[in-house]
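Notes follow once the structure below has been shown.
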Amino acid sequence: MPTDMLGRDYETFPAPGPLRQHGPARVIAMCNQKGGVGKTTSSINIAGALSQYGRRCLIVDFDPQGAATVGLGINANAVDNTIYTALFNPRIDVHDVVQHTDFENLDIIPANIDLSAAEVQLVTEVGREQVLASVLRPLKDEYDVIIVDCQPSLGLLTVNALTAADGVIIPVAAEFFALRGVALLMQSIEKVQTRINPRLEVYGVLVTMFTKTLHCEEVMQRIHEAFQDKVFHTVISRSIKLPDSTVAAAPITIFAPNHKTAKEYREVARELVANGIVA
């Protein structure tokens, strides 16, 4: 039986079989208020891996920087409608906001800098924490997974994502400073669970940017002490191929399918399916 980097035994996750039907989608918030830990990269590549296993995937770019949008080859400044439009124009059909990418089974709701105004505007909205949930409701039966790529903050946009989500994946870079903010994030998740969305779960902590150094291994142990079995068996290595795939505007599982990091993201996708998080 193989062991992971924490020495835990686990069964190798099999490649998932095809689905007979699609939906309803499991909504996953990719969330960490610290920037630069791999949220967008993980959103794109987990969705890319799942799409290649025949799962219909939708990424919701919920960051005003629009990195996920650019990372899938969409020019957000050239599209008429973005997630910002969907949030504040109740008459718009959300299907008109969805952009199809060049990759089968992989769509995106784009974002651009307009979304930076949403935090202030949401303050005066009725049911302000549940606006995103109402936007996504008509789409859930058409996809198998919806991944919300959150901005690095704990403001109203992130609360909206947590309210709309069934569960959270927390990417944590294998470095000491990345650990410091996770306690704050867990407090926010617990508040949303208690007050707004009792079904919200923590699906797992995904360690990213790992290199075989003593420092990274110590951070891994600290993460395991804090989250125990919530830590994914698969660890994402630091790789120059990831920026290359971003420039190519493609998931690494498609851009360089035989690369080590592509195999790691496919393993995460298989783990999500094996654990029943994704159909």
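The values are calculated or read from the model by the stated rules, or taken from the named source; none is laboratory data. Not measured: the values here are computed from a predicted model. Don't worry about glycine lacking a Cβ; one is built from the backbone with ideal geometry, like all the others, and counts go over all protein chains shown. Side chains are part of the model used for accessible areas, which takes the heavy atoms of the whole protein and leaves out ligands, DNA and RNA. Shrake-Rupley method; radii C 1.70, N 1.55, O 1.52, S 1.80 Å.
Taking Ile83 as meeting all but one of (1) surrounded by fewer than 21 Cβ atoms within 10 Å (Cβ to Cβ); (2) more than 19 Å from Val247 (Cα to Cα), write down the number of the exception.
Exception for Ile83: condition (1).
Considering every residue within the range 8-15, establish whether at least one is in contact with a Pro (Cβ under 6 Å, 6 or more places away or on another chain), in contact (Cβ under 8 Å) with a residue 60 or more places away in the chain and more than 17 Å from Val145 (Cβ to Cβ).
Taking every residue of the range 8-15 in turn, none turns out to be in contact with a Pro (Cβ under 6 Å, 6 or more places away or on another chain), in contact (Cβ under 8 Å) with a residue 60 or more places away in the chain and more than 17 Å from Val145 (Cβ to Cβ).
How many residues are open to solvent by 20 Å² or more (accessible area, probe 1.4 Å) and either touching a strand residue (DSSP E or B) at 6+ places or on another chain (Cβ under 9 Å) or of a type in the set (A, V, I, L, M) (or both) when one looks only at the range 234-248?
5
In the range 186-221, what count of residues is obtained for those that are touching a Leu at 6+ places or on another chain (Cβ under 7 Å) and either loosely packed, with under 13 Cβ neighbours inside 10 Å or aliphatic (A, V, I, L, M) (or both)?
5
How many residues, within the range 204-233, are outside any helix (DSSP H, G or I) and either among the aliphatic types (A, V, I, L, M) or touching a strand residue (DSSP E or B) at 6+ places or on another chain (Cβ under 8 Å) (or both)?
So the count comes out to 10.
Could you please tell me which pairs satisfy a Cβ distance under 9 Å, a separation of 6+ or placement on different chains, a first residue in the range 104-116 that is over 20 Å from Asn45 (Cα atoms) and free of Cβ contacts under 8 Å to residues at least 12 places away in the same chain, and a second residue that is assigned to a loop (DSSP other than H, G, I, E, B) and of a type in the set (A, V, I, L, M)?
none
If you scan the range 1-16, which residues turn out to be of a type outside the set (Phe, Trp, Tyr) and either open to solvent by 40 Å² or more (accessible area, probe 1.4 Å) or in contact with an Asp or Glu (Cβ under 6 Å, 6 or more places away or on another chain) (or both)? First the steps, then the outcome.
So the first thing to find is which residues in the range 1-16 are of a type outside the set (Phe, Trp, Tyr), and the list is 1-9, 11-12, 14-16.
Matches in the range 1-16: Met1, Pro2, Thr3, Met5, Gly7, Asp9, Glu11, Thr12, Pro14, Ala15.
Just to verify a result, which residue in the range 52-100, among those that are without any contact (Cβ under 8 Å) to a residue 60 or more places away in the chain and of a type in the set (Gly, Ala, Ser), is farthest from Val159 (Cα to Cα)?
By that ranking, first place goes to Gly54.
Considering every residue within the range 95-112, establish whether at least one is part of a helix (DSSP H, G or I) and either within 24 Å of Gly35 (Cβ to Cβ) or within 20 Å of the chain's Cα centre (by Cα) (or both). So that I can check it myself, show each step before the final result.
Taking the range 95-112 and keeping what is part of a helix (DSSP H, G or I), we get 95-96.
With either within 24 Å of Gly35 (Cβ to Cβ) or within 20 Å of the chain's Cα centre (by Cα) (or both) added as a condition, the list becomes none.
The answer is no; no qualifying residue exists.
Any residue in the range 127-148 that is assigned to a loop (DSSP other than H, G, I, E, B) sitting within a Cβ distance under 7 Å of a residue that is not hydrophobic (A, V, I, L, M, F, W, C)? List the pairs, counting only those 6 or more apart or interchain.
Sorted first by the residue in the range 127-148, then by its partner, the pairs are Tyr143/His22; Tyr143/Gly23; Tyr143/Arg56; Asp144/His22; Asp144/Gly23; Asp144/Arg55; Asp144/Arg56.
If you check Leu200 against the conditions, is it modelled with pLDDT of 95 or more and either touching a Pro at 6+ places or on another chain (Cβ under 9 Å) or at positive phi (or both)?
No, not satisfied.
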